[in-house]
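Working notes, structure below.
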Amino acid sequence: MAQAERAHLLRIAFFGTPPFAATVFRHLVAFDGATVVAAITQPDRPCGRGHRCQPPAVKVLAMEHAIPVLQPETLKTREAQQALKDLQADLFVVVAYGLILPQAVLDIPPLGAINVHASLLPAYRGAAPIQRAIQDGCPVTGITIMQMDAGMDTGDILLQRSLAIGIDDTAATLHDELADMGGRLLVEALTRLTQGRLMRLPQDHARASYAPKLRKEEGLLSWDRPATVVHNHVRAFHPWPGTWFFWEHEGRRLRLNIHPGRIGATLPPGTAPGTMLGVDDDALAIACADRAYLISRLTPEGGKPMTGRAFACGYLRLCL
């Protein structure tokens, strides 16, 4: 595109940090109807073994495309807000940035700020909409493009698109699908914006629900619930923080981390929840309140991942 033509494009500053945001950002960078003037992302943080400094996924992608990067510790200072004003952006696009944008920041660009949220608002406002929708057994979720205001995910809806949640979807698989959908829907919203076809619909706040951030301790499983509830719990918390339970083995309490499995057969009357029933089609079968839960893969504490059949052979002496 010629420089003169690009000068009339929307000037967008992108706020985002993790891989979900980077996927959306990739769609924005490829969109020929806008110019990305900067990527604003969280400062590099130590993570993983050795605590080596890791740049955010959005920063990595921005550097690949020679897009300027800003990494302020806070957006509340005069210096940070002046740096954002100096970008002369028409619009801010915000996706899983990690900091709340103060009203003074939302007021900087003439067109305000829009957000890509991974739920069908007003449902599942907050930090973990993907995981909480799976945990609750929802059959459908989606993406909302929202005009941001001072509240948490309370702004007007600009576009929405739904996505079915399959019985075997996990937080990992749904994350990737929704990120890609979010990028495509953002581009559609920007196209409509430039054509004057983007409508605003206020949210029905009476129907709002919330998706609080996951806590590690929530990963502890309870087998005295229906198998469907257990299955929803396991796949919602995969891969992070994962799910586990404790099992008494040879006089010690062993923690078993499990991978998503599947729902098995109805149990005979009187079967106690938590009972290890044996091997069913290479999976370890454990009794829930109503049916068996079939675990194809699990990791004993301090050990390596193994199949349900290998676990049954090694720990239960059921070598069929």
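The values are calculated or read from the model by the stated rules, or taken from the named source; none is laboratory data. None of these values were measured; they are calculated from a predicted model. Virtual Cβ from ideal backbone geometry, glycine too; neighbours counted across all protein chains shown. Ligands, DNA and RNA are excluded from the accessible area calculation, which covers all protein heavy atoms including side chains. Shrake-Rupley method; radii C 1.70, N 1.55, O 1.52, S 1.80 Å.
Just one residue in the set GLN131, GLN82, GLN88 is in contact (Cβ under 8 Å) with a residue 40 or more places away in the chain and either open to solvent by 60 Å² or more (accessible area, probe 1.4 Å) or in a loop (DSSP other than H, G, I, E, B) (or both); that residue is GLN88. In the range 211-230, the residues that are modelled with pLDDT of 95 or more form Cβ pairs under 7 Å with partners that are in a loop (DSSP other than H, G, I, E, B) and charged (D, E, K, R), at six or more places apart or across chains, as follows: PRO226/ASP290; ALA227/ASP290. Across the range 217-242, the qualifying residues are those that are hydrophobic (A, V, I, L, M, F, W, C) and touching a Leu at 6+ places or on another chain (Cβ under 8 Å), and the one among them that is farthest from ASP136 (Cα to Cα) is TRP240.
PRO239 passes every criterion in (1) in contact (Cβ under 8 Å) with a residue 60 or more places away in the chain; (2) outside any loop (DSSP other than H, G, I, E, B) apart from (2).
Within the range 112-122, being closer than 21 Å to ASN232 by Cβ and surrounded by fewer than 21 Cβ atoms within 10 Å (Cβ to Cβ) holds for one residue alone: LEU120. Please determine, by comparing only the residues of the range 271-320 that are of a type in the set (D, E, K, R) and touching a residue at least 40 places away in the same chain (Cβ under 8 Å), which one is least open to solvent (accessible area, probe 1.4 Å). This residue is ASP290. Filtered by the rule that a residue be over 27 Å from the mean Cα position of the chain (by Cα), in contact (Cβ under 8 Å) with a residue 12 or more places away in the chain and in a loop (DSSP other than H, G, I, E, B), the range 91-110 gives ILE108, PRO109, PRO110. Residues of the range 184-213 being among the small types (Gly, Ala, Ser) and either loosely packed, with under 10 Cβ neighbours inside 10 Å or not in a loop (DSSP other than H, G, I, E, B) (or both), which ones? The answer is ALA189, GLY196, ALA206. Of everything in the range 134-153 that's under 22 Å from ALA13 (Cβ atoms) and in a loop (DSSP other than H, G, I, E, B), which residue is least open to solvent (accessible area, probe 1.4 Å)? Checked the range 134-153; the qualifying residue least open to solvent (accessible area, probe 1.4 Å) is ASP153.
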